[in-house]
Amino acid sequence: TLVTNEQEVTQQREPEMRARMSMLPGGRAAEQLVLKTVSTGAANDLERVSNMAYRMVTEFGFGKELGPFSYAGLPERDRATATCQEAISEARDLIKGLEQECAALLRSHRHALDLLTAQLLEHETVSGEVVTACIASNDLPVAA
């Protein structure tokens with residue numbers, strides 16, 4: 001998935017960041033839904049969402065467990081020795097929640113997923129307008 005911004009984003013609120021992150025597990029969730037398995041194809045998306053989730057918890061103070069704390073506020077010498085297992089666990093829980101939300105959306109819009117898949121098989125890349133049209137036709141029955 002390639003998402004372009006009309007303008008450069010320099011500051012994001014937590015809901016905006018979560019919304020941006022929620023699309024990253026989409027390919028993996030679609031594979032799980034349709035193929036009942038996952039592949040290595042989503043490795044980069046998983047890396048990106050992991051980085052964002054970890055930064056949310058360790059830099060931006062968006063963690064529920066760690067709360068308003070930033071590892072970046074620690075002296076350089078202490079950052080290497082600071083335990084980050086709690087942050088990793090919290091970031092993983094965030095990603096799992098996003099993955100569940102994404103899977104639920106895909107299940108509820110399965111028709112749109114099938115239409116979009118057909119478009120991608122035919123054209124290799126599609127615009128946002130095509131995605132929007134697939135979603136808008138979600139109430140139509142899927143042709144067998």
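Points worth noting:
- The charge dipole of the chain, taken about its Cα centre with unit charges on the Cβ of Lys, Arg, Asp and Glu (plus for the first two, minus for the last two), comes to roughly 340 debye.
- Protein accessible area in the chain, 1.4 Å probe - carbon and sulfur %: 54
- Qualifying trypsin sites (Lys or Arg not before Pro) in the range 36-143, DSSP loop, other Cβ atoms within 10 Å at most 14: K36, K64
- Applying the criteria of a DSSP loop state and at most 11 other Cβ atoms within 10 Å to the GluC sites (Glu not before Pro) of the range 21-95 yields E65.
- Estimated FRET transfer efficiency when R0 is 30 angstrom, pair F60-T37 (beta carbons, to 0.05): 0.35
- Normalised per residue, the volume of the convex hull around the Cα set of the chain (Å³): 141
- Percentage relative contact order, the chain, counting C-alpha pairs under 8 Å, at least six apart: 22
- Furthest towards positive pole of dipole, Q11, L115, G73, structure part the chain, Cβ charges: G73
- For the range 9-66, a crude dipole built from +1 on the beta carbon of Lys and Arg and -1 on the beta carbon of Asp and Glu, taken about the Cα centre, is about 100 debye to the nearest 20.
The values are calculated or read from the model by the stated rules, or taken from the named source; none is laboratory data. Computed from a prediction, not measured in an experiment: that's the story for all the values here. FYI the Cβ positions are ideal-geometry reconstructions off the backbone, even for glycines, and counts take in every protein chain you see. Keep in mind that these areas ignore ligands, DNA and RNA; they rest on the heavy atoms of the full protein, side chains included. Shrake-Rupley method; radii C 1.70, N 1.55, O 1.52, S 1.80 Å.
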